1. Which count do you get for residues in region B:145-173 that are part of a helix (DSSP H, G or I) and out of contact with any helix residue (DSSP H, G or I) (no Cβ under 6 Å at 6 or more places or on another chain)?
2. Yes or no: B:R165 within 14 Å of another protein chain (Cβ to nearest Cβ) and either buried (at least 17 other Cβ atoms within 10 Å of the Cβ) or under 30 Å from B:Y256 (Cβ atoms) (or both)?
3. Could you tell me which residue of region B:292-323 is surrounded by the most Cβ atoms within 10 Å (Cβ to Cβ), considering only residues that are in a loop (DSSP other than H, G, I, E, B) and within 21 Å of the chain's Cα centre (by Cα)?
4. Looking only at region A:13-55, which residues are within 25 Å of A:V66 (Cβ to Cβ) and aliphatic (A, V, I, L, M)?
5. State which residue is nearest to the other protein chains (Cβ to nearest Cβ) when the search covers only region A:84-97 and only residues that are surrounded by fewer than 17 Cβ atoms within 10 Å (Cβ to Cβ) and touching a residue at least 60 places away in the same chain (Cβ under 8 Å).
6. Confirm whether B:E94 is of a type in the set (D, E), buried (at least 17 other Cβ atoms within 10 Å of the Cβ), out of contact with any Pro (no Cβ under 6 Å at 6 or more places or on another chain) and at pLDDT below 80.
7. Report, ordered by the first and then the second residue, all pairs with beta carbons closer than 8 Å, sequence separation of six or more or different chains, a first member in region A:66-77 that is under 13 Å from A:A12 (Cβ atoms), and a second member that is modelled with pLDDT of 90 or more and part of a loop (DSSP other than H, G, I, E, B).
8. Does any residue in region A:35-60 that is assigned to a helix (DSSP H, G or I) come within less than 6 Å, Cβ to Cβ, of a residue that is surrounded by 13 or more Cβ atoms within 10 Å (Cβ to Cβ) and of a type outside the set (S, T, Y) six or more places away or on a different chain, and which pairs are these?
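The values are calculated or read from the model by the stated rules, or taken from the named source; none is laboratory data. Model, not experiment: these values are computed from the prediction. A quick note on method: Cβ atoms are made from the backbone with ideal geometry, for glycine too, and the neighbour counts reach across all protein chains shown.
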Amino acid sequence: MKYMLLIYSNEAAGQAASKAQTDQMIAAYGAYTEAVTKAGILAGSNRLRPSTDATTVRVANGKSQVLDGPYAETKEQLGGYYMIDVPDLDAALSWAARCPAASHGVVEVRPVWTM
Amino acid sequence: MPREDARETAEAVARRSYGKLIAYLAARTRDVAAAEDALSDAFAAALGDWAAHGIPDRPEAWLAAVARRRLIDTARRRRRGEAAAPYLQLIADELAELAAAANAVPDDRLLLMFACAHPSIEAAIRAPLILQTILGFDAATIASAFLVSPATMGQRLVRAKSKIRQAGIPFRVPERAELNARLDAVLAAIYAAFAEGWSDPAGTETRRRNLAEEGIWLGRLVASLMPEEPEALGLLALMLHAEARRSARRNAAGDYVPLAEQDPASWDARLIEEAEALLTRAGRMAGEIGSVGRYQLEAAVQSAHAARRLTGTTDWAAIERIYEALLTITDSPVVAINRAIAIAETHGAAAGLANLDTLAQDARLDEYQPYWAARAGLLARTGESEAAEAAYDRAIGLEADPAVRRFLQERRAELRGDGTGSA
């Protein structure tokens, strides 16, 4: 089954981090990505630009509305994702727990709706 | 064969094998709802077929085979919607496996219970889900036991089953690293079912009384399937100890009898002995692991109370120590209240009361009857009658059981009768 691991973290804390902390984090993500790849379960992954770079679009009553910023202003924002293909939820959860984001933010695990 | 015999046999097999058949069908597909539908079709088919052709040698295997065919048919019809291929493959694999196993239906109930009590399933629905899938309780029965509207309970059960399938919750005994936490969820669900039933001491509500029996039945099942897990044995010991005192909680007139005033001769000695043997076995295993779990400790408290039957006294110091240990692993206000009650016995009512006072900040206790009853009892013993009356009033107002309410009202009235009432 395919699962999306959605990474939510505090952007402000990320920006306030020291160079050493940032390097350490990037290295941790690098190692995680490699582990996921080597396990042969990676179906896609990306880091997202911060939510200040987000634009939100909604069409209501035939009129489109374009707003600056993310859909919801929350402390923790979607910052990236891993799509993995594993046998079941427990396997997805154990990969989510290894993701560095699980220690500094949260990882939401969502099964992909197969069409 | 007469139709009635076929019906009786089908019903007997249904009672005995329901959970096993659901587990067997659902473990291959993760589709509990489809398994339920297929099995209910198979039962309907059995009524007609068995009346016409006689009861098969292995009724359970017959039902499994018919239900499995129904599952495959359903999957074929659904082909467009979800990916039916892996589903069909699973069932095909299973067919081969089953043929090899000479028609024996494997027992996957433990796997089903782990799926139902998975951490991604809402905690409050785990016990109802186990009652429905393992025991075949309908939503209305479960709803009335848990004081939820049948429609709401039905929806929540449907949602939970859908989540098992859609989120890919596995039917598997978790890995060692996770086993303790996961097993704890299974045991908690079973204990919740038991507790719902046990909280009807009058035994007037058959459905709830059955729930306590079914809880014990599930506890026996898990203990037999995981005999090396001390907590599984601990939970069973705890439930058996509680069950042993079920009828002692009421006298002949239907009045509430608190534990301290119960006649040990009215306890069920057979259940107590079984509980003690389980607890001893669990203790030996826990000793090897080097840690004792929550259910063993709670059972140990019950065991200490039950010892009065042999010694004539209650070892409150031991009970206090066990609650102390429980508090370090559960951080539960209920445990803290019980510890305060034990302290009142070992160090006097004032010490117990001082201990209870430290809990007063916990908002959860506002509607927790045992807290107010304990408080009232200790206040009465320290001579603070006015405060005791107020606490009794809170306890009485929170109690749903008329016999316990009456008991509390009598205790409250005694405050004045003793001449210690407020001036």
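1. Narrowing region B:145-173 to residues part of a helix (DSSP H, G or I): B:145, B:150-166.
Keeping just the survivors that are out of contact with any helix residue (DSSP H, G or I) (no Cβ under 6 Å at 6 or more places or on another chain) gives B:151-152, B:155, B:158-159, B:162-163, B:165-166.
So the answer is 9.
2. On the way: within 14 Å of another protein chain (Cβ to nearest Cβ): yes; either buried (at least 17 other Cβ atoms within 10 Å of the Cβ) or under 30 Å from B:Y256 (Cβ atoms) (or both): yes.
Against the criterion (within 14 Å of another protein chain (Cβ to nearest Cβ) and either buried (at least 17 other Cβ atoms within 10 Å of the Cβ) or under 30 Å from B:Y256 (Cβ atoms) (or both)), B:R165 qualifies.
3. Taking region B:292-323 first, the residues in a loop (DSSP other than H, G, I, E, B) are B:292-293, B:307, B:312-315.
Those still in the list that are within 21 Å of the chain's Cα centre (by Cα) too: B:292-293.
Working: B:V292: 21, B:G293: 24.
Ranking the qualifying residues of region B:292-323, first place goes to B:G293.
4. Taking region A:13-55 first, the residues within 25 Å of A:V66 (Cβ to Cβ) are A:46-55.
Passing the criteria: A:L48, A:A54.
5. Quick first cut of region A:84-97, residues surrounded by fewer than 17 Cβ atoms within 10 Å (Cβ to Cβ) only: A:85, A:87, A:94, A:97.
Then keep just the ones that are touching a residue at least 60 places away in the same chain (Cβ under 8 Å); that gives A:85, A:87.
On the way: A:D85: 11, A:P87: 7 Å.
Among residues in region A:84-97 that are surrounded by fewer than 17 Cβ atoms within 10 Å (Cβ to Cβ) and touching a residue at least 60 places away in the same chain (Cβ under 8 Å), the one nearest to the other protein chains (Cβ to nearest Cβ) is A:P87.
6. Details: of a type in the set (D, E): yes; buried (at least 17 other Cβ atoms within 10 Å of the Cβ): yes; out of contact with any Pro (no Cβ under 6 Å at 6 or more places or on another chain): yes; at pLDDT below 80: yes.
The answer is yes for B:E94.
7. These pairs meet every condition: A:Q77/A:P50; A:Q77/A:P70.
8. A:V36/A:L42; A:S51/A:P70; A:S51/A:Q77
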